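Undergrad: Structure incoming, see below.
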Amino acid sequence: DAKTTQPPSMDCAEGRAANLPCNHSTISGNEYVYWYRQIHSQGPQYIIHGLKNNETNEMASLIITEDRKSSTLILPHATLRDTAVYYCILLPYSGAGSYQLTFGKGTKLSVIP
Amino acid sequence: ETGVTQTPRHLVMGMTNKKSLKCEQHLGHNAMYWYKQSAKKPLELMFVYSLEERVENNSVPSRFSPECPNSSHLFLHLHTLQPEDSALYLCASSQAGAKGETQYFGPGTRLLVL
């Protein structure tokens, strides 16, 4: 069972910021928050990950609450190409490879013209 | 582009055929993975290779046979498949042992078994 909870779907107007929430109230101290997305019938695409500090890269920003029980993925200027299913997952750092990714149902983001 | 390529992108095969899926990663990683994704099931890990050694085999039927000749290439050999094996087969790679290990996926091979 996935350890994260996400809304099943969201809409966002093109050009606006898309804010995708994720709850992970049982997160362990050594677990990272990872975000992937999957456009229909394509391979999952890595977006960003973080431990406890906020992170930003060329694709998105990740805001993690101080208690680490929830996070928000922010796509600053959503485009039609950002329409996809977004997955929030937790991965422990074991030092020897985390191996299996387990995706929940994710959030289907629809960017509307 | 993710740096992980897969061929073919689409494959239709009969139950008596033998075919192979190929994956190549250009990221300098030392671990590679095969996943299966079907419409009604979540992502399923099939095989993991780390430093060219198989480290995990999640009870996959013997009609699927992996091969990892070097750290950049991974194959999945298929024989006498069943229609229920129709799915999207995904290859991924990562740098095993790196802090916050991230798996990067290829585009997948869409397999249809008739």
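Undergrad: Mind checking which pairs have a first residue in the stretch B:58-76 that is farther than 22 Å from B:N17 by Cβ and a second that is among the aliphatic types (A, V, I, L, M), Cβ under 6 Å, 6 or more apart or different chains?
TA: Cβ pairs passing all conditions: B:N58/B:L45; B:C68/B:L74.
Undergrad: Would you confirm, using the coordinates I've provided, whether A:L62 is at pLDDT below 95 and among the aliphatic types (A, V, I, L, M)?
TA: So A:L62 does not fit the description; no.
Undergrad: Just for the stretch A:84-112: of the residues that are surrounded by fewer than 19 Cβ atoms within 10 Å (Cβ to Cβ) and modelled with pLDDT of 95 or more, which one is farthest from the other protein chains (Cβ to nearest Cβ)?
TA: For the stretch A:84-112, the residue satisfying everything is A:I112.
Undergrad: Which of the residues spanning the stretch A:12-44 are open to solvent by 60 Å² or more (accessible area, probe 1.4 Å) and under 20 Å from A:A78 (Cα atoms)?
TA: Passing the criteria: A:E14, A:R16, A:N19, A:H40, A:Q42.
Undergrad: Also: Return the total of residues in the stretch B:1-56 being among the β-branched types (V, I, T) and over 16 Å from the mean Cα position of the chain (by Cα).
TA: Qualifying residue count, the stretch B:1-56: 2.
Undergrad: Then there is this: Do you know which of the residues in the stretch B:17-49 that are of a type in the set (S, T, N, Q) and open to solvent by 20 Å² or more (accessible area, probe 1.4 Å) is nearest to B:G106 (Cα to Cα)?
TA: Among residues in the stretch B:17-49 that are of a type in the set (S, T, N, Q) and open to solvent by 20 Å² or more (accessible area, probe 1.4 Å), the one nearest to B:G106 (Cα to Cα) is B:Q37.
Undergrad: Next question. Quick check on the stretch B:77-98: of everything there that is in contact with a Lys or Arg (Cβ under 6 Å, 6 or more places away or on another chain) and open to solvent by 10 Å² or more (accessible area, probe 1.4 Å), which residue is farthest from B:L21 (Cα to Cα)?
TA: B:T80
Undergrad: Tell me which residues, restricted to the stretch B:77-86, are more than 14 Å from the chain's Cα centre (by Cα) and touching a residue at least 60 places away in the same chain (Cβ under 8 Å).
TA: B:H79, B:T80, B:L81, B:Q82, B:P83 - these are the residues of the stretch B:77-86 that are more than 14 Å from the chain's Cα centre (by Cα) and touching a residue at least 60 places away in the same chain (Cβ under 8 Å).
Undergrad: Is one or more of the residues making up the stretch A:8-18 within 24 Å of A:T102 (Cβ to Cβ), modelled with pLDDT of 95 or more and in a loop (DSSP other than H, G, I, E, B)?
TA: yes
The values are calculated or read from the model by the stated rules, or taken from the named source; none is laboratory data. This structure is a prediction, so every number in the text was calculated from the model and none was measured. All Cβ positions, even for glycine, are placed from backbone atoms using ideal geometry, and neighbour counts span all protein chains on display. All accessible areas refer to the heavy atoms of the entire protein, side chains included, with ligands and DNA or RNA removed. Shrake-Rupley method; radii C 1.70, N 1.55, O 1.52, S 1.80 Å.
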